[in-house]
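**Q** Provided herewith is a single structure, encoded as structure tokens, for subsequent inquiry.
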Amino acid sequence: MSMPRVAFDELPAAARQAVTVQTGRITAAHTADGGINSAIAALLDTETGRVFVKGIPADNPQVASQKREIAISPCLPASCPRLLWHVEAGGWVLLGYEAVDGRHADYTTTDDLTLVLAALAELQEVTAPDDAGLKTAEDRWGTYAEEGQSELFAGDALLHTDFAPDNVLIHRGRARLIDWAWPTRGAAWIDPFMLALRIMEAGATAVRAVSWVQCVPSWRESDPKALEAFAVAVARLWREIAVEDPEPWKVAMADHAAELKALLIETPWAS
């Protein structure tokens, strides 16, 4: 569920002052578009340069996701904007990131998909940190898997898992991965799978989407049975989401997940 967006100037004075301590004098604040996981998302012009600030109230249950972002930030590759600082003040948890003045990725274009896959390749080299409190892929999707199949999702890769175009910025000829609301420890091929679903959301067939992610080594080297088992779990999850809240985009995602599942069961794409 998305959070109502709050302007920076609407934050409590203590929260704004804590940010100013980090940035110096703030000359302008621009509320950002896109994203659903932060109550505040703003680009700040400051005397030390531009910074992106995101945050949520400290008493919101989703604050745990912000703290996971803080925990994994030292591990992230250059394709991810750097976390510069974080503060808790005035009843808010606020994170300050390197500002990236980019546009959201367009998964209908070859150029953007090529850049996104390059960013994914960087991320695939990262091992999930042991001390970040990350959920494992087995825990996250195991409820929806056939009995005994969730162990096929295990691995030590740091996974982003949400490649919605709002979470990818194209900036100066590279893709930058943002909004780590759902970092997960698991098999590396899970992220290419999640990207394939979003490529389908942009209008591609399952065959076309898989043809893109096949260039990722973890996908090519994966066990087809593991891909099948994961496809079954993800299709069940999206169907449940669509039944509980039949927004058109959620119903469409459930359909895409079912189409991808059917393809992976019928075709040995990973072998």
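The values are calculated or read from the model by the stated rules, or taken from the named source; none is laboratory data. Fair warning: this is a prediction, and the values are worked out from it, not measured in the lab. Neighbour counts are summed over all protein chains in view; Cβ atoms, including those assigned to glycine, are modelled from backbone coordinates with ideal geometry. Surface accessibility is based on the protein's heavy atoms, side chains included, excluding ligands, DNA and RNA. Shrake-Rupley method; radii C 1.70, N 1.55, O 1.52, S 1.80 Å.
**Q** DSSP loop (so not H, G, I, E, B), at most 15 other Cβ within 10 Å: list which GluC sites (Glu not before Pro) in the stretch 184-271 pass both filters.
**A** Within the stretch 184-271, the qualifying GluC sites (Glu not before Pro) (loop, at most 15 other Cβ atoms within 10 Å) are Glu221.
**Q** Further, regarding this structure: Find how many whole Å separate the alpha carbon centroid of the stretch 218-256 from the alpha carbon centroid of the stretch 118-176.
**A** Distance between centres, Cα-based: 15 Å.
**Q** Per the 1.4 Å probe, what fraction of the accessible area of the chain, in percent, lies on carbon and sulfur atoms?
**A** Answer for the chain: carbon and sulfur cover 51 percent of the accessible area.
**Q** Given labels modelled 7 Å from the Cα in the Cβ direction, how far is it in nm from Asn60 to Ala262?
**A** It is 3.8 nm.
**Q** Tell me the net charge near Ser150. Cut-off is 15 Å between Cβ atoms, Ser150 excluded, with +1 for each Lys or Arg and -1 for each Asp or Glu.
**A** -2
**Q** Can you compute the helix-only [θ] at 222 nm over the chain? Use -39500 (n - 2.57) per DSSP H run of at least 4 residues, normalise by all residues, nearest 500 deg cm²/dmol.
**A** Value at 222 nm, helices only: -12000 deg cm²/dmol.
**Q** Normalising by the residue count of the chain, find the relative contact order in percent from Cα pairs under 8 Å and 6+ residues apart.
**A** Here the relative contact order equals 15 percent.
**Q** Right, here's the next one. What's the extension gain from Gln17 to Asp130 if we count 0.36 nm per residue and subtract their Cα-Cα distance?
**A** 37.3 nm
**Q** May I ask you to list the lysines whose Cα is less than 18 Å away from that of Lys250, ignoring any residue fewer than eight positions away on the same chain?
**A** Within the straight-line cut-off, Lys250 pairs with Lys261.
**Q** Using only Cα atoms, what is the ratio of the radius of gyration of the stretch 1-73 to 2.2 N^0.38 Å?
**A** 1.09
**Q** Run through the stretch 108-151 and list the GluC sites (Glu not before Pro) located in a DSSP loop whose Cβ has at most 10 other Cβ atoms within 10 Å.
**A** Passing both the DSSP loop test and the Cβ count: Glu125, Glu147.
**Q** The stretch 93-177: which trypsin sites (Lys or Arg not before Pro) are DSSP loop and have at most 11 other beta-carbon atoms within 10 angstrom?
**A** Arg172
**Q** Follow-up question, since we're still on this one. Quick check for you: with a 1.4 Å probe and neighbouring chains kept, what is the accessible area per residue of the chain, in Å²?
**A** Computed with neighbouring chains in place, this is 45 Å² per residue.
**Q** For a distance above 22 Å, tell me the whole-number percent of Cα pairs in the stretch 120-204 that qualify.
**A** That fraction is 28 percent.
**Q** What does DSSP give for the chain in terms of the percent of beta bridges that are antiparallel, rounded to the nearest 5?
**A** Bridges in the chain are about 95 percent antiparallel.
**Q** Pick out which of Ser211, Ser222, Ser150 has the largest mean-square fluctuation in a Gaussian network model of the chain, springs linking Cα atoms closer than 10 Å.
**A** Highest fluctuation among the options: Ser211.
**Q** In terms of the Cα gyration tensor, with a ≥ b ≥ c the square roots of its eigenvalues, is the chain rounded because a/c is under 1.5, prolate because a/b exceeds b/c, or oblate?
**A** Here the chain falls in the prolate category.
**Q** Report the calculated FRET efficiency for Asp45 and Asp106 (r = Cβ-Cβ distance, R0 = 35 Å), to the nearest 0.05.
**A** 0.80
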